[in-house]
1. Answer with one residue from 21, 110, 68: the one whose Cα lies farthest towards the positive end of the charge dipole of the chain, charges on Cβ with Lys, Arg +1 and Asp, Glu -1.
2. If you take the alpha carbon radius of gyration of the chain and divide it by 2.2 N^0.38 Å, what ratio comes out, to two decimals?
3. For segment 355-440, what is the convex hull volume of the alpha-carbon atoms per residue, in Å³?
4. List the extent of the Cα atoms of segment 16-154 along each of their three principal axes, largest first, rounded to whole Å.
5. At 7 Å along the Cα-to-beta-carbon direction for both residue 39 and residue 194, put a label point, then send me their distance in nm to one decimal.
6. Using 16 Å as the cut-off for backbone N distance, which residues of segment 436-466 belong to the label zone defined by a point 7 Å from the Cα of residue 144 along Cα→Cβ?
7. Along the Cα→Cβ direction, 7 angstrom out, place labels at residue 317 and residue 441. What is the inter-label distance in nm?
8. What share of the DSSP beta bridges in the chain is antiparallel, in percent to the nearest 5?
Amino acid sequence: MRLLTLLSFFWIPLINVSAQMIFTLNGVDYSSVAQRDSKGFTTVTLPAGTNLSGLITAVSVDGQTVSASQVTPNPTTTTLNYGELKVFTYNNRAYGFRFEEDLWFCGVFFSDCHINQSSGHDGTSAADMTTIMNNIIAMGQDGKKKVTFAAAPNLVPKASIIFCTGDIDQDKGDDGSSGTHTNFLNATAEVAKTAGVPFIFIAGNHDLSPDYWTGDNPDYGVTSSGANADEKTISAIVNNNSYWNDQGVFDEDISYFEDNSRSVDFQSKPFTFKFKGVRFYCAHTYWLQKLYKGTFLKVLGVTISTATYYAPDGIISALNTFVDSHKDEASVWMQHYPWSAGSDCNRWWLDQNDVGKYIPASGTSEYGSCTSDIAYNDANFANTKKKDPLSAIMMKAAGKVDGKVQHFSGHYHRFNDATYTSTVNSNNKVRDYTVAAPGNSSQSNNAFVVLFKRGEGVKEVIRTQF
């Protein structure tokens with residue numbers, strides 16, 4: 001008898017893997033927030049700020065309603081705490097639950113798809129990009145962890161939002177001239193729409209015609225095909241943004257930074273939006289992309305084009321004003337060009353080609369965009385005229401980690417994690433995560449999975465492969 005008593009005292013019910021206990025929740029759809037793992041435990045992830053008191057209003061087991069008073073402890077009256085494992089028993093069967101607050105979400109960053117672009121660009125086929133996109137969307141849907149975050153070890157990461165930081169296909173579009181991006185859009189944006197996962201992409205230097213491509217033969221951004229391609233690229237981005245605005249997925253819809261004094265000229269339209277309590281600032285090639293006005297004239301069947309380029313001061317002024325009024329919002333930044341990666345990084349910040357040629361902007365500028373005497377070998381110094389004031393603006397916003405602005409980029413085709421420190425104020429630091437191209441065979445990883453926390457921004461960044 002004594003042995004039986006001891007065995008009864010130490011008896012602990014095992015979690016029942018096959019049977020299911022389901023709750024009716026006050027104001028929350030249980031089926032949309034509960035996920036059961038292979039061991040029988042159920043994680044209930046509730047919207048941030050949900051009051052756990054009085055949350056459970058009814059109970060069912062294996063599809064049959066049962067009295068909450070017959071469950072130990074009574075789930076309708078017991079105290080629930082976020083993060084605590086709670087075990088309920090009914091008919092000597094145990095059911096484990098953990099209630100989590102939805103403070104965490106994940107973003108996935110990839111870049112430089114160069115869809116169907118030939119050798120030398122790490123090009124990815126449209127079919128392969130579709131597979132990568134589907135794998136990103138499927139992340140965590142089976143309850144398995146693709147990556148494990150130290151800051152949230154119990155989280156099964158799923159893609160809440162996906163980003164591409166430019167160079168989406170061939171130069172100026174699918175066919176190299178028209179500016180259409182059908183292959184890229186079908187492999188990425190349309191896949192995301194079907195899945196209902198927000199997808200944001202920006203333009204790189206292969207998507208917006210640069211001042212010069214190479215050597216002494218300039219390919220002005222405003223040749224007739226170039227200007228047309230630029231307009232269509234930005235139109236594709238704006239249309240994609242409008243779709244997600246219409247879906248109501250953002251805390252605050254996407255809006256654009258423009259120079260109203262030059263509304264009739266071409267502008268790349270960098271933009272911002274707020275998602276799950278975090279402010280995202282999205283440039284294209286970079287925040288200092290020049291505006292231009294082109295004119296086209298056909299003489300004897302030949303198109304003659306001329307252009308006037310303008311410094312981006314109006315855009316940066318609009319950005320500065322906006323950041324001043326949103327300083328308390330945790331911010332995340334992105335553009336195509338890295339801040340430090342690659343031996344030729346600094347000349348890209350000066351719009352220079354591989355021999356230092358570039359087109360100066362008219363007028364005056366606070367950002368070194370119109371100086372005509374910057375030589376190729378001056379790039380390592382001259383780029384600071386653009387980087388330092390931009391970093392000062394970015395530093396105003398909340399969401400820094402260890403005093404550093406959190407930034408994501410592409411262009412380099414390789415992973416890089418570097419911090420830019422202003423030459424004017426050493427407290428101004430930008431930590432830039434550069435993501436490798438999916439088609440880069442020298443590095444097996446091809447995306448960043450980023451852990452965000454509502455209202456706080458970036459918490460952890462992990463490389464992975466899809």
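1. Positive-most Cα among the choices belongs to 68.
2. Here the answer is 1.17, to two decimals.
3. It is 132 Å³ per residue.
4. Ordered largest first, segment 16-154 gives principal extents of 69, 31, 26 Å.
5. 3.5
6. Only 465-466 fall inside the zone, counting backbone N under 16 Å.
7. 5.1
8. Counting only bridges with both partners in the chain, antiparallel ones make up about 65 percent.
The values are calculated or read from the model by the stated rules, or taken from the named source; none is laboratory data. On a predicted model such as this, the values are computed, not experimentally measured, just so you know. Backbone-built Cβ (ideal geometry, glycine too); neighbour counts: all protein chains shown. Side chains are part of the model used for accessible areas, which takes the heavy atoms of the whole protein and leaves out ligands, DNA and RNA. Shrake-Rupley method; radii C 1.70, N 1.55, O 1.52, S 1.80 Å.
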